Amino acid sequence: MSILVDRDSRVLVQGITGREGSFHTTQMVEYGTNIVAGVTPGGRGKSVAGAPVFDTVAEAMAETQPNVSIIFVPARFAPDAIYEAVDNDVPFVVCITEGIPVADMVPAYAHVRQRGSRLLGPNCPGLITPGQAKVGIMPGFIHTPGPVGVVSRSGTLTYEVVDALTRAGIGQSTAVGIGGDPVIGTSFIDVLGLFEADPETEAIVMIGEIGGSDEELAAQFIQEHVTKPVVGFIAGRTAPPGKRMGHAGAIISGGSGTAAEKMAALEAAGVRVVDRPSAVPGAIKDALHR
Amino acid sequence: MSILVDRDSRVLVQGITGREGSFHTTQMVEYGTNIVAGVTPGGRGKSVAGAPVFDTVAEAMAETQPNVSIIFVPARFAPDAIYEAVDNDVPFVVCITEGIPVADMVPAYAHVRQRGSRLLGPNCPGLITPGQAKVGIMPGFIHTPGPVGVVSRSGTLTYEVVDALTRAGIGQSTAVGIGGDPVIGTSFIDVLGLFEADPETEAIVMIGEIGGSDEELAAQFIQEHVTKPVVGFIAGRTAPPGKRMGHAGAIISGGSGTAAEKMAALEAAGVRVVDRPSAVPGAIKDALHR
Amino acid sequence: MNLHEYQAAEIFSRHGIRTNAGKIATTPDEAEAIARDLGGIVVVKAQVHTGGRGKAGGVKLARTPEAAREAAETILGMDIRGHIVRKVLVAPGVDIAREFYLGVTLDRARRQNVIMASAEGGVEIEEVARERPERIIRALVDPMLGVHPWQARQIGFELGLDPDKISGFAAIVQRLYDTYIAEDATLTEINPLVLTGAGEWLALDAKMTIDDNALFRHPDLEAMRDLDEENATELDARHSGISFVKLEGDIGCIVNGAGLAMATMDAVKLHGGEPANFLDVGGGASADQVAKAFGLVTADPNVRAILINIFGGITRGDIVAQGIAEALDRVNVQVPIVVRLSGTNAEEGRKLLAENGLAATTSMDEAAAQAVQAARAA
Amino acid sequence: MNLHEYQAAEIFSRHGIRTNAGKIATTPDEAEAIARDLGGIVVVKAQVHTGGRGKAGGVKLARTPEAAREAAETILGMDIRGHIVRKVLVAPGVDIAREFYLGVTLDRARRQNVIMASAEGGVEIEEVARERPERIIRALVDPMLGVHPWQARQIGFELGLDPDKISGFAAIVQRLYDTYIAEDATLTEINPLVLTGAGEWLALDAKMTIDDNALFRHPDLEAMRDLDEENATELDARHSGISFVKLEGDIGCIVNGAGLAMATMDAVKLHGGEPANFLDVGGGASADQVAKAFGLVTADPNVRAILINIFGGITRGDIVAQGIAEALDRVNVQVPIVVRLSGTNAEEGRKLLAENGLAATTSMDEAAAQAVQAARAA
């Protein structure tokens, strides 16, 4: 088992013929991901890494029945790609695109919810179920199958932690990057709930950062609904207020969204909060052997 | 039993201090309807026919827990009143107002559906469960309790039929005016389904008119889902094409929406279609005694 | 409210849709002058509020200014489906490579707007719908979000357009929908939408219907109303809150309620007569309204009897009867009047009418039969 | 991107919100002249991208033009929360009857915009939120339909406004939200929104933040950017696709990825040092990018050591190492450099760096500790 994607996932790539789209399609196929189709308007008849290209999601859906879509189209067109996916009944949409205006994501998020689909991202690295399916842009080789679910707002920082876990001999059930934007489709809570329900996941690593209150809400959720051990790390303890730290959503505003608040909330919820990424494997080992 | 409203209905009147609102509130109260509150912005502290007036639906909801609302506000403000009602969790909203632009009703209808509420109208006379509750503008005294459900796109024509039924000694379970606009909240199908499920309703009178295809859809629904006898009447056999006959929705356009089509569809679905309102009671008697 | 082609084209063009610019002529002289100005081949098109102009001979190609004059001579004054042609549009001829149909309207059953498109342009869409429904592409529009770019593109792909024609087409779809929403239309239609020999998109025709209920927010559109095309009596009625539609029969009808008014017309027909009009006197049925209604009905020289059918609801029958009596004092009605009065306080009303020399019945059928008889006798 | 009060006020006013018109002065002379033109009492207000101006003495009432000059003299050049005042707004004094707070922003947890209002105007809203949260009214905005009139009215009633003040207030709510949407703001705020003695609504202050991701569709707003208020180095970095934030420490950081960059800063602190900056070199980490990053970091005279932390993902470690080597050829770096390189092809990368005289570690902690030591030794 695992969450969200596995070897049976049928993946559609929107924006497959673009530079990013075609590069990562090849990478995903090499990892073993079952890429069934791609969409690029006007691209019908082409093929990328063996996957047939269609003009519309409707066509791709009719011909290849994908159940996951990953979006690589530029920020100005990405919301339309999200609408096209969910309106054509793709149940799970992963949006890698960075830089989408908040004003575009607010209605898009509401629409995805109404349609009953799930959105991961935008501005996220995607997700991977080691050994089964990589639907994202992370380096696949650092991952290894195992009992730890990883969920994170960050990209490279997650690779850092996953790499540390793998080197310590600890595999991952699924590693999910939820993205660094202020409005994202899937929150910590959603992923925590899935890991809690997944029989193969025995412990969870949650990597947060400054800005917003998703970590605080996650803490509350953990207290109430998560029985599996959770190890936490929050990036940005030294970040100054009022400054956006790379991610659009990583900003302490009006004195709220600080790392200290988040760490305190998680600790109060029984999460083992570590002060450096390299401490994650040890904490997870403790948790698994308890 | 009955459908949609009964003596336990707790009715809110939006636009209660207006000319129409206050007049019909008094009429409804006289009929015995349980009017629990009214709303008029700035009207807080007033009272109409014994019902307290509030500034907002939220306040009225908190203080009096209505479960039906009836709207008497002018066309330009009526969609906002619908939004206010459903956003404050009123499960059933009756909109009497005539003349609301279609462009305003399309999103309003979608929103009501999303909220899981039900809308009756607009441009309708409301509905009445004889002897229990009148939530509308029909003359109450022509109605009498009994086994016949009445559903209609028209106002006075319904009174005509109900009066004929009552004079023939046939009472009504509930009489529902769905309204004469192109976009209405509750269709024939919805009401037919409710009558079919209502143990007290033994037969149904359905009064349609030219324009649109609701009668055709109803015919299909009747064929598939309605076991109770249905008597039908369609107004507008002599109406010319391309002309709006009073109701915004009563227009034959592009050669479709004619009375002949509707009558044929209903007859094919086993509905006894009569050629004049006065023939309804006889047809119903036949049906009830079969 | 319907707009003329040239009016709709002007509005479309304001919303960024390329239309086939032309000018309006009301005389053959003007048509010739416009054709001369434009140069080359022109099309002369009848401007009437009805479809099927082409079949009726209301659209003609003219290769010379003189031919344009002749075409205008033929078309002006023509009767197309009951509409007299008073204006023609003279527009440049176009080198057409492909013709399409594109329209936005309301799907009443779904309570959503719908984009309709077909590769069979230039033909009446009702005909295509009837005979080859599979040739019409329909895309429902999200009530909240409008037409998505992907939807507009998809329609283009389904029409079989080449990839390099997609974005131009999608832009027109978007703009036609934007026009529909911005102008409170119930129909915006381009038939045919053409691809020219040069590979450009062009709206060769333009059709638009405005939601009457929304005209209050579009005074500019209200100002485009063509009084020649509309029945003056119907307009007059609307201003008094009365719904009135002129018909061909001889029995004038005055009724309260739209549904009952239609049923009354049907009853007249059922009893062998022909209604002269649809008339819903509206809510109040005050003396003023009834007097106005008498005026509307008696203005029609065909009317040989008047049938008044009132079901007293909230408006009491005695009040209505008083209104009728008062109205009769004010308006000189020369034809026989049959009254049917039922509902609230109807008995008192009938008594009052009797005192004023008008017998009233309680049965709609009876009243209809009497009116038909009276008209025959008259 | 933050706007100044006077810029936000101009935008609000364009969207139909009455603001307290004033003029900008950059010298005491100008302030005096403006005050003389306006006549009567004026307010002199520091224009800086931070709150709490009032408390810091950056807002002064002046009864005469001379007093306005004196106020400007005091305020200009003032340091408010690290922002140097370079402009003051001189605006007419207002007869205030009541003060309110009104703002629109994003509720991140709900993924919806939210209207916030309070009868405690003129106070920092964060303070009210912390101390008397029940005094803040919050209304979530429908993502599809926007602010409903009933919502705007309800906020007014909840603020305890008199019925005759409701529609004026509701209009301001609607317009403030419209401004927020039209301008792609992440905050539009009026604090205080006042009712004047004459019973009129007036926005006495104006605050606005624009979504950086949406600036591409607002060139007019981009043009309002105050380069004095923003760190030139940060702007320069942004143009190269590098996220850079200047901090107070002495260890320059060059990292790939925002989360890892924050974690790197935290690691520096954890090992007893102070980071000189946040720097995310972005995706590629090409020689150009790395060279640019070196330039940004070394421009800070405080920097005494540089910590490069790269986790090779899709971008291979050897490529990054090559980039570092090439960059060092181009940029003359005078301070010690500590490199941490892990991930894809990291070993090859470390070898390559060694050949160029740079030792690289695989541990972030180790690298951070070394960088702190190097900075101390320097």
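The values are calculated or read from the model by the stated rules, or taken from the named source; none is laboratory data. Remember, it's a predicted structure, so these values are computed and weren't measured experimentally. Cβ sites come from the backbone with ideal geometry, for glycine too, and all protein chains shown count toward neighbours.
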- Message: Conditions first: (1) modelled with pLDDT of 90 or more; (2) outside any helix (DSSP H, G or I). D:Leu227 passes all but one, so which condition is the exception?
- Response: (1)
- Item | Those residues of the range B:44-56 which are closer than 18 Å to B:Met28 by Cβ, within 12 Å of chain D (Cβ to nearest Cβ) and touching an Asp or Glu at 6+ places or on another chain (Cβ under 9 Å), in sequence order | B:Phe54
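Does any residue of the range A:216-229 turn out to be at the interface with chain D (Cβ under 8 Å from one of its Cβ atoms), out of contact with any Ser or Thr (no Cβ under 6 Å at 6 or more places or on another chain) and not β-branched (Val, Ile, Thr)? If you could, list the steps in order and put the result at the bottom.
In the first step, residues of the range A:216-229 are kept if they are at the interface with chain D (Cβ under 8 Å from one of its Cβ atoms); the result is A:217.
Okay, now just the ones that are also out of contact with any Ser or Thr (no Cβ under 6 Å at 6 or more places or on another chain), so A:217.
If we keep only those that are not β-branched (Val, Ile, Thr) as well, we get A:217.
Within the range A:216-229, one or more residues are at the interface with chain D (Cβ under 8 Å from one of its Cβ atoms), out of contact with any Ser or Thr (no Cβ under 6 Å at 6 or more places or on another chain) and not β-branched (Val, Ile, Thr).
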- Message: Name the single residue that is surrounded by the most Cβ atoms within 10 Å (Cβ to Cβ) among those in the range A:157-212 being over 18 Å from A:Thr144 (Cα atoms) and of a type in the set (D, E, K, R).
- Response: A:Glu209
- Query: Does the range D:90-106 hold any residues that are of a type outside the set (Gly, Ala, Ser) and buried (at least 19 other Cβ atoms within 10 Å of the Cβ), and which are they?
  - Reply: D:Val90, D:Phe100, D:Tyr101, D:Leu102, D:Val104, D:Thr105, D:Leu106
- Task: Please work out which residue is farthest from A:Gly282 (Cα to Cα), limiting yourself to the range A:158-175 and to residues that are in contact (Cβ under 8 Å) with a residue 60 or more places away in the chain and more than 13 Å from the chain's Cα centre (by Cα).
- Result: A:Ser173
- Condition broken by B:Gly169, with the remaining ones in (1) within 11 Å of another protein chain (Cβ to nearest Cβ); (2) outside any helix (DSSP H, G or I); (3) out of contact with any Cys (no Cβ under 9 Å at 6 or more places or on another chain) satisfied: (1)
- Message: I'm told A:Thr25 meets every condition in (1) within 14 Å of chain C (Cβ to nearest Cβ); (2) out of contact with any Leu (no Cβ under 7 Å at 6 or more places or on another chain) except one. Can you identify the failing condition by its number?
- Response: (1)
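Tell me which strands (runs of 3 or more DSSP E) are completely within the range C:132-215 and hold 3 or more residues being in the same structural domain as C:Asn113 (by TED's automatic domain parsing) and within 27 Å of the chain's Cα centre (by Cα), or say none if there are none. Spell out how you get there, then give the answer.
Values: elements: C:136-140, C:185-196, C:201-203, C:207-210.
Because the criterion is at least 3 residues that are in the same structural domain as C:Asn113 (by TED's automatic domain parsing) and within 27 Å of the chain's Cα centre (by Cα), the strands (runs of 3 or more DSSP E) in the range C:132-215 that meet it are C:136-140, C:185-196, C:207-210.
The rows are residues; the columns are (1) touching a strand residue (DSSP E or B) at 6+ places or on another chain (Cβ under 8 Å); (2) within 11 Å of chain D (Cβ to nearest Cβ); (3) assigned to a loop (DSSP other than H, G, I, E, B); (4) touching a residue at least 24 places away in the same chain (Cβ under 8 Å).
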| residue | (1), (2), (3), (4) |
| --- | --- |
| A:Ala85 | yes, no, no, yes |
| A:Val90 | yes, no, yes, yes |
| A:Ile100 | no, yes, yes, yes |
| A:Asp104 | no, yes, no, yes |
- Task: Report, by residue number, each residue of the range D:208-220 that is modelled with pLDDT under 95 and surrounded by 23 or more Cβ atoms within 10 Å (Cβ to Cβ).
- Result: none
- Message: B:Gly149 - would you say it is over 10 Å from the mean Cα position of the chain (by Cα), surrounded by fewer than 23 Cβ atoms within 10 Å (Cβ to Cβ) and more than 9 Å from chain C (Cβ to nearest Cβ)?
- Response: no
- Test for C:Glu274: is it closer than 23 Å to C:Lys351 by Cα and charged (D, E, K, R): no
- Give the residues of the range D:42-61 that are free of Cβ contacts under 8 Å to residues at least 24 places away in the same chain, more than 17 Å from D:Tyr101 (Cβ to Cβ) and either surrounded by 15 or more Cβ atoms within 10 Å (Cβ to Cβ) or among the aliphatic types (A, V, I, L, M) (or both), sorted by residue number. D:Lys60
- Starting from residues that are out of contact with any Ser or Thr (no Cβ under 9 Å at 6 or more places or on another chain) and away from every other protein chain (no Cβ under 11 Å), keep the ones in the range D:123-149 and report whichever is surrounded by the most Cβ atoms within 10 Å (Cβ to Cβ). D:Val123
- Query: In the range B:39-96, which residue that is among the acidic types (Asp, Glu) and either within 23 Å of the chain's Cα centre (by Cα) or crowded, with 21+ Cβ neighbours inside 10 Å (or both) is farthest from B:Gly180 (Cα to Cα)?
  - Reply: B:Asp55
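What strands (runs of 3 or more DSSP E), lying completely within the range C:236-318, carry at least 1 residues that are modelled with pLDDT of 95 or more and among the small types (Gly, Ala, Ser)? I'd like the intermediate steps shown before the answer.
Numbers: elements: C:243-246, C:251-255, C:277-280, C:305-312.
In the range C:236-318, the matching strands (runs of 3 or more DSSP E) lie at C:251-255, C:305-312.
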- Message: Condition (residue is assigned to a loop (DSSP other than H, G, I, E, B), more than 12 Å from chain D (Cβ to nearest Cβ) and either touching a Cys at 6+ places or on another chain (Cβ under 6 Å) or not basic (Lys, Arg) (or both)) applied to the range A:237-257: is it met by at least one residue?
- Response: no
- Message: Residue pairs, Cβ under 7 Å, 6 or more apart or interchain, first in the range A:254-280 and in contact (Cβ under 8 Å) with a residue 60 or more places away in the chain, second crowded, with 16+ Cβ neighbours inside 10 Å and of a type in the set (Asp, Glu). List them.
- Response: A:Leu266/A:Glu215; A:Pro277/A:Glu160; A:Ser278/D:Asp365
- Message: Being in contact (Cβ under 8 Å) with a residue 60 or more places away in the chain, closer than 20 Å to D:Ile306 by Cα and not charged (D, E, K, R) is true for just one of D:Thr188, D:Thr264, D:Thr196, D:Thr209. Which residue is that?
- Response: D:Thr264
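From the set of residues in the range D:276-317 that are among the acidic types (Asp, Glu) and either within 14 Å of another protein chain (Cβ to nearest Cβ) or farther than 23 Å from D:Asn345 by Cα (or both), which is surrounded by the fewest Cβ atoms within 10 Å (Cβ to Cβ)? So that I can check it myself, show each step before the final result.
Taking the range D:276-317 and keeping what is among the acidic types (Asp, Glu), we get D:280, D:288, D:300.
Then keep just the ones that are either within 14 Å of another protein chain (Cβ to nearest Cβ) or farther than 23 Å from D:Asn345 by Cα (or both); that gives D:280, D:300.
On the way: D:Asp280: 27, D:Asp300: 16.
Looking at the filtered set, the residue picked out is D:Asp300.
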- Query: Just a yes or no: is a residue in the range D:335-342 assigned to a helix (DSSP H, G or I) and either of a type in the set (D, E, K, R) or farther than 17 Å from D:Val281 by Cα (or both)?
  - Reply: no
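Would you be able to say whether some residue in the range C:172-181 is within 14 Å of chain A (Cβ to nearest Cβ), buried (at least 21 other Cβ atoms within 10 Å of the Cβ) and either touching a residue at least 12 places away in the same chain (Cβ under 8 Å) or over 25 Å from A:Gly42 (Cα atoms) (or both)? Give the steps one after another, and end with the answer.
Residues of the range C:172-181 within 14 Å of chain A (Cβ to nearest Cβ): C:173-174.
Checking which are buried (at least 21 other Cβ atoms within 10 Å of the Cβ) leaves us with C:173.
Now drop any that are not either touching a residue at least 12 places away in the same chain (Cβ under 8 Å) or over 25 Å from A:Gly42 (Cα atoms) (or both), which leaves C:173.
The answer is yes, given that some residue of the range C:172-181 is within 14 Å of chain A (Cβ to nearest Cβ), buried (at least 21 other Cβ atoms within 10 Å of the Cβ) and either touching a residue at least 12 places away in the same chain (Cβ under 8 Å) or over 25 Å from A:Gly42 (Cα atoms) (or both).
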- So C:Val245, is it under 28 Å from the mean Cα position of the chain (by Cα), under 22 Å from C:Ala232 (Cβ atoms) and surrounded by 19 or more Cβ atoms within 10 Å (Cβ to Cβ): yes
- Among the listed residues A:Ile284, A:Ile234, which satisfies the condition of being crowded, with 21+ Cβ neighbours inside 10 Å and more than 14 Å from chain D (Cβ to nearest Cβ)? A:Ile284
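If I filter the range A:194-211 for residues that are within 14 Å of chain D (Cβ to nearest Cβ) and without any contact (Cβ under 8 Å) to a residue 40 or more places away in the chain, do I get at least one hit?
Taking the range A:194-211 first, the residues within 14 Å of chain D (Cβ to nearest Cβ) are A:205-211.
Going one step further and asking which of them are without any contact (Cβ under 8 Å) to a residue 40 or more places away in the chain, we end up with none.
No - not one qualifying residue is present in the range A:194-211.
Tell me, please, whether a residue that is in a helix (DSSP H, G or I) and in contact (Cβ under 8 Å) with a residue 40 or more places away in the chain can be found in the range D:76-88. If you could, list the steps in order and put the result at the bottom.
At the first step, the residues of the range D:76-88 found to be in a helix (DSSP H, G or I) are none.
Looking through the range D:76-88, none of the residues is in a helix (DSSP H, G or I) and in contact (Cβ under 8 Å) with a residue 40 or more places away in the chain.
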